[in-house]
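J.: What follows is a single structure, and I will ask about it in a moment.
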Amino acid sequence: MNAPATPAVPHHRLPELLRAMPKAELHIHIEGSLEPELIFALAQRNGLTLPYASVEALRAAYAFTDLQSFLDIYYAGASVLLKEEDFFDMAMAYFERAAADHVVHAELFFDPQTHTERGVPFGTVIDGLTRACETAERTLGVSGSLILCFLRHLSEEAAFATLEDALPYRTRFIGVGLDSSEKGHPPEKFARVFARCRELGLHLVAHAGEEGPPAYIWSALDDLHVERIDHGVRCVEDPVLVARLAAERVPLTVCPLSNVKLCVYPTMDQHNLAALLDLGLCATVNSDDPAYFGGYINQNFIETFDALPQLGSEQAYKLARNSFEASFVDAGVKAGWVKRLDDCFAVFAD
Ligand code: HPA
Ligand code: ZN
């Protein structure tokens, strides 16, 4: 795509613009969109008892110190998902929030092993999610696609078994990713699984450089051959890596509220989103696990722009445009979204 224009928008209209501009969301774990209210409703529907007395008690437990402290609660929350309808309801609730935030397209991560390990069949998971993607497109005008994530704390063998489970549904998901506990589980552990996925024509992404060092980002690029890095914020510790990411325009799916909630940065004003853009990187803004981290995609935009004075309308435009560039859709579809973005900025311009 050509270099973006930089339409000038008066500063006081920035929050309104951030909310209204069309955008794509490329880093959202659908299980992380499960709001406490829905966790309780699904537990009741499925006859399960939760170890929390109320929605408020559950929400009060969302005080995380690092990635693992979050994952323990996140996997517990996902345990209420049993039926196809549960996966459908969860994803539709997300799509409704995304549509309200002017998300035109979302690429959803899902964690099949979190469910198959509990005896929920792979087909149940993907049937519910697929039906939600189809319904969202028809009723909300939001397109959605699915990216299957392997849990990196589990073995290579378990990842291969999950891929086998998934192959009858090959047309239902566009790619694979790598998530869960990063430290101690470098990307190279899954090099052979990703090589097989590459042969199958799947898109490849991986979480790297959230808590893990720049070496994990190198490994995701060179051992897994990923097309995007999820998070990737620690790349700034390695200037050679930054130069490569910029030269190859490898997108980073950054999740600012997640980074603050998981103590990657102590406060939002210390987040490096503005620096990443200044370095010429294809950074995007995403919500990661919005039900756990304090907000959906627009809340991520609002809070980062509030905390970082270097961010203005030029950066807003770049971030939205980067989200389209980084998405796994046809060039013609991307061009249509860029036109909608330009039209939106024209409405807000001086
Ligand atoms: N990082 C790694 N794994 C995850 C995350 C995350 O932020 N969210 C859900 N699984
Ligand atoms: Zn994530």
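The values are calculated or read from the model by the stated rules, or taken from the named source; none is laboratory data. What you see is a predicted model; the values in this text were computed from it and never measured. When we count neighbours, we look across all protein chains shown, and the Cβ atoms used for this are built from the backbone with ideal geometry, even at glycine. Surface areas here come from the heavy atoms of the whole protein model, side chains and all, with no ligands, DNA or RNA. Shrake-Rupley method; radii C 1.70, N 1.55, O 1.52, S 1.80 Å.
J.: Accessible area, 1.4 Å probe, largest first: how do 103, 260 sort?
T.: Result, largest first: 260, 103.
J.: So what does residue 304 come to for accessible area, using a 1.4 Å probe and Å² rounded to 10?
T.: 0 Å²
J.: Measuring from the lowest to the highest alpha carbon on each principal axis, how far does region 11-349 reach, largest first, in angstroms?
T.: Here the Cα extents, ordered largest to smallest, are 53, 40, 40 Å.
J.: I'd like the FRET efficiency for residue 96 and residue 195, computed as 1/(1 + (r/R0)^6) with the beta carbon distance as r and R0 of 25 Å, rounded to 0.05.
T.: Details: r = 38 Å, r/R0 = 1.52.
The computed FRET efficiency comes out at 0.10.
J.: Nearest 20 debye, what's the magnitude of the dipole of region 11-349 about its Cα centre given +1 on Lys and Arg Cβ and -1 on Asp and Glu Cβ?
T.: Using only the charged Cβ atoms, the result is roughly 540 debye.
J.: At 7 Å along the Cα-to-beta-carbon direction for both residue 19 and residue 53, put a label point, then send me their distance in nm to one decimal.
T.: In this crude label model, residue 19 to residue 53 measures out at 3.6 nm.
J.: Another question, then. Answer with one residue from 140, 125, 213: the one whose Cα lies farthest towards the positive end of the charge dipole of region 11-349, charges on Cβ with Lys, Arg +1 and Asp, Glu -1.
T.: Value: 140.
J.: Next question. If you take all C-alpha pairs in region 297-338, what percent of them are over 15 Å apart? Kindly include the intermediate steps, with their values, before the conclusion.
T.: On the way: 407 of 861 pairs.
Taking all Cα-Cα pairs of region 297-338, the fraction more than 15 Å apart is 47 percent.
J.: Build a GNM of the chain with springs between Cα atoms under 10 Å: which of 315, 68, 44 gets the top mean-square fluctuation?
T.: Result for the chain, Cα springs under 10 Å: 44 fluctuates most.
J.: Go ahead and estimate [θ] at 222 nm for the chain from helices alone: -39,500 (n - 2.57) per DSSP H run with n ≥ 4, summed, over the residue count, rounded to 500. It would help to have the intermediate numbers written out before the result.
T.: Details: 17 runs with 173 residues, N = 350.
Result for the chain: -14500 deg cm²/dmol, rounded to the nearest 500.
J.: Another question about this same structure. Based only on Cα atoms, what Rg/Rh ratio does region 228-329 have, Rh being taken as Kirkwood's radius?
T.: On the Cα set of region 228-329, Rg over Rh gives 0.93.
J.: Right, another one. For the chain, report the accessible area per residue in Å² (1.4 Å probe, heavy atoms, rounded to an integer).
T.: Value returned for the chain: 38 Å² of accessible area per residue.
J.: Hey, what angle do you get for helix 122-140 against the long axis of the chain, alpha-carbon based, 0 to 90 degrees rounded to 10?
T.: 40 degrees
J.: Ok, one more. How far apart, in nm, are the 7 Å Cα→Cβ label points at residue 236 and residue 346?
T.: 3.6 nm
J.: Once label points are set 7 Å from the Cα along Cα→Cβ at both residue 8 and residue 118, what is their separation, rounded to one decimal in nm?
T.: Once both label points are built, they end up 5.4 nm from each other.
J.: Here is a follow-up. Multiply the residue separation of residue 330 and residue 46 by 0.36 nm, subtract the distance between their alpha-carbon atoms, and state the gained length in nm to one decimal.
T.: Between residue 330 and residue 46, full extension yields 98.2 nm more.
J.: Lys/Arg Cβ at +1, Asp/Glu Cβ at -1, dipole of the chain taken about the Cα centre: which of 191, 285, 149 is farthest positive-ward?
T.: Value computed over the given set: 285.
J.: I need the trypsin sites (Lys or Arg not before Pro) found in region 37-133, filtered to DSSP loop residues with at most 15 other beta carbons within 10 Å of theirs.
T.: 83, 118
J.: Would you please name the GluC sites (Glu not before Pro) within region 47-86 that are DSSP coil residues with at most 12 other C-beta atoms within 10 Å of their C-beta?
T.: On the way: sites: 56, 84, 85; in loops: none.
Those that pass, being in a loop and sparsely packed, number zero.
J.: Round to the nearest 0.05 the FRET efficiency obtained for residue 302 and residue 85 when R0 = 35 Å and r is the Cβ-Cβ distance.
T.: That pair, residue 302 with residue 85, gives E of 0.60.
J.: For region 56-62, take each phi angle, set θ = phi - 60°, evaluate the Karplus expression 6.51 cos²θ - 1.76 cosθ + 1.60, and give the result in whole Hz per residue in order, putting x for glycine and proline.
T.: 5, 5, 5, 4, 5, 7, 7
J.: Something else: Sorting check: for 199-207, 281-289, which peptide has the highest mean count of neighbouring beta carbons within 10 Å, and how do the rest follow?
T.: Ranking the peptides 199-207, 281-289 by packing returns 281-289, 199-207.
J.: Over the chain, what is the relative contact order in percent, taking alpha-carbon pairs closer than 8 angstrom and at least six residues apart?
T.: RCO, the chain: 23 percent.
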